Amino acid sequence: MIQRTDQLPTIELDGRQITFHPGESLLEVASRSGVQIPTLCHDPRLDPAGACRSCLVEVEGQRRLLPSCATPAVDGQKVTASPEHSPRIERHRKSLFSLYLTEHPGEDHPDGVERGAPNKLVRAAKAFGAEDWGKLENLRDDLLGDRSHDENPYIQFDSDLCILCAKCTRYCDEVESVSAITLAGRGSETTIATPDGRSLLDTTCEMCGGCVAVCPTGAMGEKKPKTHKMPVEAELEKVRTTCNYCGVGCQFDLNVDPAAREGGGEIVKVTSPTPAPPPPTPQPRGRTGGSTARTRCGKGRFGYDFLHHEDRLKTPLVRGADGELHPATWDEALAAAAAGLRGVQERHGKDALAFVSSSRCTVEENFLVQKLSRAVFGTNNVHQCAAT
Amino acid sequence: MTNSIREIRDADFLFVIGSNTTEAHPVIAMEMKRAVRDGATLVVADPRRIWLTEIAEKHLQLNPGTDVWLLNAMAHVIVTEGLVDKAFIETHTEGYEAVAETVKRYSPEEAERVTGIPAEDIRWAARKYATTKKAGIYYTLGITEHSHGTDNVYALANLVLMTGHLGGESMGLNPLRGQNNVQGANDAGATPIYYPGYQRVDDEKVRAKYEALWGVELSPEPGWNLNEMMKKAGDEIRGFFVMGEDIILSEPNVLALEERMNRVEFLVLQEIFPNETMRFADVVLPASGFAEKEGVFVNSERRMQRVRKAIDPPKGARADWQILLDLAAASGASWHHRTPADIFDEFAQHAPNFAGISHARLDAQGEDEDGYTGLQWPCPDPDHPGTRYLHEGRVLRGKGLLTAVEYRPSDELPDEEYGLLLSTGRTLYHYNAATQTRRDPGLDTKQPGAFVQLHPRDAKKRSIRDGDPVTITTRRGSIDAIAHVSRQVKPGCIWMALHFAEARANVLTNDKGDAVTGTAEYKVCAAEVTKASDYTGELHEFRGSHYQAGHAEDAPS
Ligand code: SF4
Ligand code: SF4
Ligand code: FES
């Protein structure tokens, strides 16, 4: 039997009737109906934690505001989620983000706060008119909080910026399944730490950078852009591309500083594409949300420095009569290559040549190698290097 | 892959064989972890205690190279216990009878003797696989890098076909491609037997089509595969063109290859970094990395996705496609291509499976509901949405062919002189010849140098302690590395990563190739390990990670 939409359960959201699939959270229903609710600790790949309180909504009959990320929709529920419909929500957001700012330097942090993912907290605080209530002292800078001894080259944790939403540790547990970082300490000294405060290099960490990507405050940040003197976010160009490592083919954005390298451009970081808005129809549970299309491993996220490495070959080389390789112009090198291959062909026949192509190169380039081999040099001796 | 990556999370049973997924395909492993978290049963067949075994219901720790025994014994259980999908076999397959006959001789008890896996575990895995509808098989080089690699794949396909686990979501037979564009290079015709799109070179009609297209006469003779090329180097093969590959580091039995390479008269190398092969090059052409050019990669699930130019190559270097056009022109050809989009069109429009795909269409393609982009082939025309999983409702070649295979021992097994069995593979932090990853500060600190894993028992016998420099020797050569005493490997087995230029594991490996594909036996050869007498390399520490899990401190005292 086909279930008709009018038989699906509904909630009233900001005065509109919205149908949903059982199991959907209020946040999911709201976001696909175009009702914006701020979130900090929520990610569709993670089990809802309800930790940051930024997504609270009013549900009729409930005395307290409820976290929409962790509250399942129930048939007939009346929900108010927008400040325009609820002064209570407006007050809540303003004071919550003001409170967060007492523990977070906002935009004033000396290192800047967008070393990894864009800083959601600061943006939300601005949007909801958070006020300056002064700053609280950070009591977490003990061995666990201060990670300055950690010489891992990629990931930095700065307890001054952390709001303890535990998104990073949950990602590390639930998605990466390695639990390299965890909440540690008590009370106002609680912080994010590794077992015994070890360097990430000495833990199970796989350098996936997931903790950096999900952190809403910039507390988990990238070390690299600091060493690269990164220009402000707005001056970076984002180029969507496909990863060049394994056969998964993750998509990501190369963040390019276009002025660097005398205008040739330099990659300063890799970020995940922002998710497309969810479709407006009710989603059956199961495959929704949080695909791996946006998840990435350490090679994809951090492994691009080779492109700018000084060892790169920059000049064509031709072996001279002295047996050494000498710099040559492109025209000389191409002519030498063509003549050399033709020479072998004349002396030993077409099938004395072999063309080794590369699974690292593009489809177009592999196509050209086989065309060169077949159509120009007349042999089917062409194979890519990884025959698997 | 017959199925898509996104379907993995909905599988109820995952059979992972010969794939260290968390290290070779970390992102696919995340989907597997997610499936397990949601209640799926994971069974891992691997000689090593790889990370995935920690969340697996069962680890079938087989002796390296005995895959056919394991798989045939599983088929034995499925056939003798009547767990086959009769209707599927009748409508969709051929050759079942012969396979059923052959696997009769592969009893789980006998399999236990050969593979080292308890017969009961084999029975359990076979039953569970056969009786779960959404049951997928995932494999990589651990299956194919053997002299009998093709047999291994047939044996797996037999399991899939006899249980009808094909043509639906979250099932099928899924090879996880090792490199970003292995699939694309094959699709593009960089193989000795196929033009683009798997059109055979010895098919008259196909050849006539390409002769008309390219205006030249084409050779009807299939070419040599990579393994044969390397064996014939210096003899039948006197000239090489090599793009983007360090054949000297990556090919097996490399010392013998180097000797032959000296007799090669001419070699052109197109590369981004100096490498070992450059020692034999007569012309070196400086090329480009993935962020410096336009094009398409095809992932493991046949998904064509765009690669885009973000930065310029270093001054003096050129994009690979540009170099190839230049070289063709210098060799007297007049090709009309101007851009990667042009080149792609010629590639796609003459191969029916890709004809609906173009750069323009890929660029216009948004993300689907799971955030995926690009198009999965087959995609025969511009209105076709692409194909998420193959064999829906039928089997591609008409009827799925079951192929009876017999166990053949690996080419070279341990003996008195070389008492250990060496396998090689990849690790998470490096990537093949590692010309890229080793130039990265972080990936390099995590795993700075070559190491060999060996079991505490074997270490003790040889008075080797964890962290000792050791020499690994096979019939083909020897190299030094640091001993990593670990229970991750079985007693009698050792394991090395392929990535390190100063300790090239391929000095050791056997170059015997699979009869059909030519893929070399990287996974099994006989070796011996001794304490290194005059180790000159660095003594590095092996930093944390799940390798520590099997790490044994109790080596000899
Ligand atoms: S580091 Fe970031 S993600 Fe982790 S708890 Fe702190 S604020 Fe949340
Ligand atoms: S980089 Fe990945 S593995 Fe390491 S701590 Fe962060 S989430 Fe965990
Ligand atoms: S997003 Fe719901 S409580 Fe944090």
Over all residues in B:333-344, what is the mean tally of Cβ atoms on other chains that come within 10 Å of each residue's Cβ?
3
From the phi of every residue in region A:303-316, what ³J(HN,Hα) in whole Hz does the Karplus formula 6.51 cos²θ - 1.76 cosθ + 1.60 yield, where θ is phi - 60° and glycine or proline is x?
x, 10, 4, 4, 4, 9, 6, 5, 6, 3, 6, 10, 10, x
At a 1.4 Å probe, which residues in region B:184-213 are at least 30 Å² less accessible with all protein chains present than in their chain isolated?
B:185, B:188, B:190, B:192
Heavy-atom accessible surface buried between B and A, both sides counted, 1.4 angstrom probe, nearest 100 Å², is 11800 Å²
For B:201-209, B:240-248, ranked highest to lowest by mean beta-carbon neighbours within 10 Å, the order is B:240-248, B:201-209
For region A:349-388, with every protein chain kept in place, what is the accessible area per residue (1.4 Å probe, Å²)?
11 Å²
At a Cα cut-off below 24 Å, give the lysines reachable from residue B:531, other chains included and same-chain residues fewer than 8 away excluded.
B:460, B:461, B:490, B:523
Pairwise Lys count, region B:5-176 - Cα closer than 21 Å, eight or more residues apart or different chains:
12
Residues with amide H under 5 Å from that of residue B:532, placed H, sequence gap 5 or more:
B:470, B:471
Between the chain alone and the structure with every protein chain in place, find the residues of region B:241-258 that drop at least 20 Å² of accessible area; heavy atoms, 1.4 Å probe.
B:241, B:243, B:244, B:245
Give me the percent of the accessible area of region B:201-332 that comes from carbon and sulfur atoms, probe 1.4 Å, all protein chains in place.
47 percent
Partner chain Cβ atoms within 10 Å, averaged over the residues of A:254-265 - can you pull that number for me?
3
For region B:259-368, what is the accessible area per residue in Å², given a 1.4 Å probe and the full set of protein chains?
32 Å²
Among B:274-287, A:306-319, how do they line up by average Cβ neighbours within 10 Å per residue, starting with the highest?
B:274-287, A:306-319
In whole percent, the fraction of accessible protein surface over region B:65-108 that belongs to carbon or sulfur atoms, probe radius 1.4 Å, stands at 53 percent
Kindly write out, for region B:185-192 in residue order, the coupling ³J(HN,Hα) from the Karplus curve 6.51 cos²θ - 1.76 cosθ + 1.60 (θ = phi - 60°), rounded to whole Hz, with x marking Gly and Pro.
5, 5, 4, 7, x, 7, 9, x
Region B:12-22 - phi-based ³J(HN,Hα) in whole Hz, Karplus 6.51/-1.76/1.60, Gly and Pro as x
9, 9, 10, 10, 9, 10, x, 9, 8, 4, 4
Give me a single rounded figure for B:267-280: the average over its residues of other chain Cβ atoms within 10 Å of their Cβ.
4
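The values are calculated or read from the model by the stated rules, or taken from the named source; none is laboratory data. Because the structure is a prediction, the values reported are computed rather than measured. We place every Cβ from the backbone using ideal geometry, glycine too, and count neighbours over all the protein chains shown. Heads up: the accessible areas ignore ligands, DNA and RNA and are worked out on the full protein's heavy atoms, side chains in. Shrake-Rupley method; radii C 1.70, N 1.55, O 1.52, S 1.80 Å.
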